[in-house]
Amino acid sequence: MTRFTSVEAAIDAAAHRVLDRLPAGGLSGDAVEFLVFGLKQGWACLFGGAMLFLILATRFLWPEQAFLARYDFLFLAALAIQLAMLAFRLETGAEAKVILVFHVVGTVMELFKTSAGSWIYPEANFFRVGEVPLFSGFMYAAVGSYLARISRIFDMRYSNYPPLWATVVLCMAIYVNFFAHHFTLDLRYGLFAASIALYWRTFVHYRVFRFRLRMPLLLGFVLVALFIWFAENIGTWSRAWVYPGQHAAWTPVSIGKLGSWYLLMIISFVLVTLVRRPQPLEAAEETKVVARADKTA
């Protein structure tokens, strides 16, 4: 699978013309890697960042008596952003498929969770299914977009990756538990344990600029789940959706929700691997990664 779109390849070439002149070692070299890491993360978040910006902006600026409801604007804006990213080659066709799958998976979950009273969408709008405005599916799609893009942009490779079938079984069990725990026992602690057992030895190796670095994949799941939790606090503060305890006044989302986002991260990651299969790290590159890790330790 191509690592960069044509636009990204042009950006990458321009960045190399500037950054290749800078020192490769010492604090300066580490600063370059850190800068590129941040820029690539921002680029991977392009869709989600744009949606979060619109959610915040409409919280302050959307007129109460506007002809178009705020939620409808967010839905149409999400469609426009998606089409623009494809038209300007900021996203691949495979990534667009991931977003579509996530939209469907997320909307189904939203329909059930809102009917169960887990959270509500307090504003009226036209583009909705039941009590779920269609823009909400793009919140899940933003996670899928980020994971698909970051996997490609950072050229992620894996060591000790578990069998794909086992990851799919875990993904299905997590998804079923999101629904079933309303009627039976909540198996999330067992699912936490299963995820740790499955991915305990798995490392993700990612290319920043000049070097490949590595981290435990489980740590990556936790870090991304944490950032999603921060984004969820912004979303509920802007009243894009609210939990039962937030009707009268906003309060921070419980840190306990981090576990739910961790499990959702695994679902998201596994779905992305069905489009972009995890690639092993080549032996020659593994030697370089180990040497780099020893140097920075």
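A cut-off of 5 Å between modelled amide H atoms, ignoring neighbours fewer than 5 places along the same chain, links residue 205 with 157, 158, 159. For segment 262-278, the Karplus equation 6.51 cos²θ - 1.76 cosθ + 1.60, evaluated at θ = phi - 60°, returns couplings of 4, 5, 5, 4, 5, 4, 4, 5, 5, 4, 5, 5, 6, 9, 10, 5, x Hz by residue, with Gly and Pro reported as x.
Packing-based ranking of 255-267, 83-95 yields 255-267, 83-95, ordered from highest to lowest mean Cβ neighbour count within 10 Å. Oblate is the label for segment 33-173. Its Cα gyration tensor axes, ordered a ≥ b ≥ c, give a/c of at least 1.5 and b/c at or above a/b. Per-residue 3J(HN,Hα) values for segment 249-257, derived from phi via the Karplus relation 6.51 cos²θ - 1.76 cosθ + 1.60 with θ = phi - 60°, read 7, 6, 10, x, 5, 4, 5, x, 5 Hz in sequence order (x marks Gly and Pro). Using the Cβ-Cβ distance between residue 189 and residue 21 with R0 set to 41 Å, the FRET efficiency from 1/(1 + (r/R0)^6) comes to roughly 0.20. A crude spin-label estimate for the pair residue 61 and residue 182, with each label 7 Å from Cα along the Cβ direction, gives 3.6 nm. A protection proxy built from the mean count of other Cβ atoms within 10 Å ranks the segments 8-20, 30-42, most packed first, as 30-42, 8-20. Only lysine pairs 8 or more places apart, or on different chains, with alpha-carbon atoms under 28 angstrom apart are counted in the chain, and they number 7. Counting only Cα atoms, the size of the chain along its three principal axes is 57, 44, 33 Å, in decreasing order.
The residues 113, 97, when put in order of fewest to most other Cβ atoms within 10 Å, stand as 97, 113. With the charge dipole of the chain set up from +1 on Lys and Arg Cβ and -1 on Asp and Glu Cβ about the Cα centre, the Cα lying farthest toward the positive end among the listed residues 80, 98, 148 is that of 148. Between residue 172 and residue 197, the contour length at 0.36 nm per residue exceeds the alpha carbon distance by 7.4 nm.
Quick note: the coordinates plus some simple rules give every number you see, no bench work behind them. Keep in mind that this is a model prediction, so the values were computed, not measured. All Cβ positions, even for glycine, are placed from backbone atoms using ideal geometry, and neighbour counts span all protein chains on display.
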